[in-house]
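Encoded as structure tokens, the structure appears first; notes follow it.
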Amino acid sequence: MNKFELLKEVSKNRILLLDGAMGTMIQAHKFDEADYRGDQYKDWHCDVKGNNDLLSITQPDTIKQIHLDYLHAGADIIETNTFNSTSIAMADYDMQDEVHAINLSAAKLAKQATEEVSKVTPDRPRFVAGVLGPTNRTASISPDVNDPGKRNVTFEELVASYFDATCSLMEGDVDLIMLETIFDTLNAKAGIFAVQKAFDAKGYSLPVMISGTITDASGRTLSGQTTEAFYNSIRHATPFSFGLNCALGPDLLRQYVAELSRISEGLVSAHPNAGLPNEFGEYDMGPDEMANHLEEWASSGLVNIVGGCCGSTPEHVREISKRLEKYEPRTIPKRERKMRLSGLEPFVH
């Protein structure tokens, strides 16, 4: 049984757990500029502090330990430290040429961590999701309010950037690909196309997780789509799971997860923030409160995969793990065959 078949089999029997926030854990270490540079980039020509993905090269022991902490807390799937590891996002640090090295190192660290833990618990296999973040550009929205037609990235540029990152993650032997924190559906479409190109180039495929972001109480992505419209736009990709993450805490995200649970023809994932940030940019929702919300989701049959986003820690994952053990995963509904289209709103006929 290969890893994909094993993952599908495991997902039938229980709710799978994602890890929590990598950035939150990194911030706790209070690394300075020298720590970010390490020996490898000590002479880099611009500041790199804040480039958390670079730490997979310069502080590998720390990144691996964060992965191990989440795995020991109960995570089944851990995410590579590659949220910004595309050439487009790395341009902020003039590190476009370092994308391959960063993705490869991050994937290998996560893989090492899962293999170590899987040896101790062979009856509970662990998986690595290679993360493709949304980039810091949007293909659908103008960056200039005075010029609605202006764009700072093209579809082709996004495809090329995602393709290189995906190939590097696959070289690092990840088990899944995760397109997450999607705020612009056109970016997501570029990512989906690039991932398929990478699969064709490598000669094999991996399961794909797609996770969008409802940005606020409007119930829409940044590019304006409702949950169902967003789903209709990319359901052709037939991902392993379709989910929502970031921006909102579990209390505010629940109604959109419920909507997704009703319509998704695949597994449903969700990893909300630990509440909304306070005036200091910190997250106050503790493990017990967050677990209360996610336990209610599980008891209502809404989810197949859950975890935490911004502000969540191994303690959050550990408490969620305890609470969800007794619940069955969501049953995938059988939907009537119809034409399902979308603009900003869904159109079903």
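Laboratory data are not the source of any read-out in this text; all were calculated from the coordinates shown. Because the structure is a prediction, the values reported are computed rather than measured. So basically every Cβ, Gly included, is an ideal-geometry build from the backbone, and we count neighbours across all protein chains shown.
Annotation: the residues 295, 336, sorted from fewest to most other C-beta atoms within 10 Å of their own C-beta, follow the order 336, 295. Taking the fewest neighbouring Cβ atoms within 10 Å as the starting point, the ordered list for 349, 236 is 349, 236. Plainly put, segment 84-191 has a radius of gyration that is 1.09 times its Kirkwood radius, both from alpha-carbon atoms, as the Rg/Rh ratio. Taken about its Cα centre, segment 1-134 carries a charge dipole of roughly 680 debye when the Cβ of each Lys and Arg holds +1 and the Cβ of each Asp and Glu holds -1.
Of the residues 213, 1, 169, the one whose Cα sits farthest toward the positive end of the charge dipole of the chain, with +1 on the Cβ of Lys and Arg and -1 on the Cβ of Asp and Glu, is 1.
Just want the answer: with Cβ charges of +1 for Lys and Arg and -1 for Asp and Glu, which residue in 269, 238, 250 is farthest toward the dipole's positive end in segment 215-292? In segment 215-292, that residue is 238. Relative contact order of the chain, taken over Cα pairs closer than 8 Å and 6 or more residues apart, is 18 percent. So which helices of the chain fit the span-like rule, where a helix is a whole DSSP H run, its Cα atoms reach 18 Å or more along the axis, and its mean Kyte-Doolittle is at least -0.5? Long hydrophobic helices here: 60-73, 99-120, 155-171, 185-202, 250-263. Projected onto its three principal axes, the C-alpha set of segment 1-126 covers 51, 26, 20 Å, listed from the longest axis down. Quick one: grab the alpha carbon gyration tensor of the chain, order the square roots of its eigenvalues as a ≥ b ≥ c, and give me rounded if a/c is under 1.5, else prolate or oblate depending on whether a/b is larger than b/c. Because its axes are fairly even, with a/c under 1.5, the chain counts as rounded.
From helices alone, the chain scores -13000 deg cm²/dmol at 222 nm; the rule is -39500 (n - 2.57) for each run of n ≥ 4 DSSP H residues, then divide by the residue total.
Name the most mobile residue of 33, 289, 328, meaning the one with the largest mean-square fluctuation, in a Gaussian network model of the chain with Cα contacts below 10 Å. So, out of 33, 289, 328, the one fluctuating most is 33.
Counting neighbouring beta carbons within 10 Å and listing from fewest to most, the residues 309, 167, 46 come out as 46, 167, 309.
When the Gaussian network model of the chain links Cα atoms closer than 10 Å, the mean-square fluctuations of 64, 326, 30 top out at 30.
Bridging of residue 334 to lysines at a Cα separation below 24 Å is possible for 8, 12, once same-chain residues fewer than 8 apart are set aside.
Can you give the charge dipole size of the chain about its Cα centre, rounded to the nearest 20 debye, using +1 on the beta carbon of Lys and Arg and -1 on the beta carbon of Asp and Glu? Here the chain has a charge dipole of around 1520 debye. The residue list 70, 198, 332 was ranked by how far each Cα lies along the charge dipole of the chain toward its positive end, using unit charges on Cβ atoms, and 332 comes out on top.
So for segment 119-175, considering every pair of alpha-carbon atoms, how many percent are separated by more than 18 Å? That fraction is 55 percent. Annotation: amide H-H contacts under 5 Å for residue 212 (H modelled 1.01 Å from N, sequence separation of 5 or more, or interchain): 182, 243, 244, 245.
Computed extension gain for residue 325 through residue 49, at 0.36 nm per residue and net of the alpha carbon distance, reaches 95.4 nm.
Rounded, prolate or oblate, given the Cα gyration tensor of segment 92-148, with a/c below 1.5 counting as rounded? Taking the square roots of the gyration eigenvalues as a ≥ b ≥ c, segment 92-148 is oblate. For segment 170-313, the antiparallel share of DSSP beta bridges with both residues in that region comes to about 10%.
Each label point was placed 7 Å from the Cα along the Cα-to-Cβ direction; for residue 14 and residue 217 their separation is 3.8 nm.
Among residues other than residue 307 with Cβ under 10 Å from its Cβ, the summed charge is -3 (Lys and Arg +1, Asp and Glu -1).
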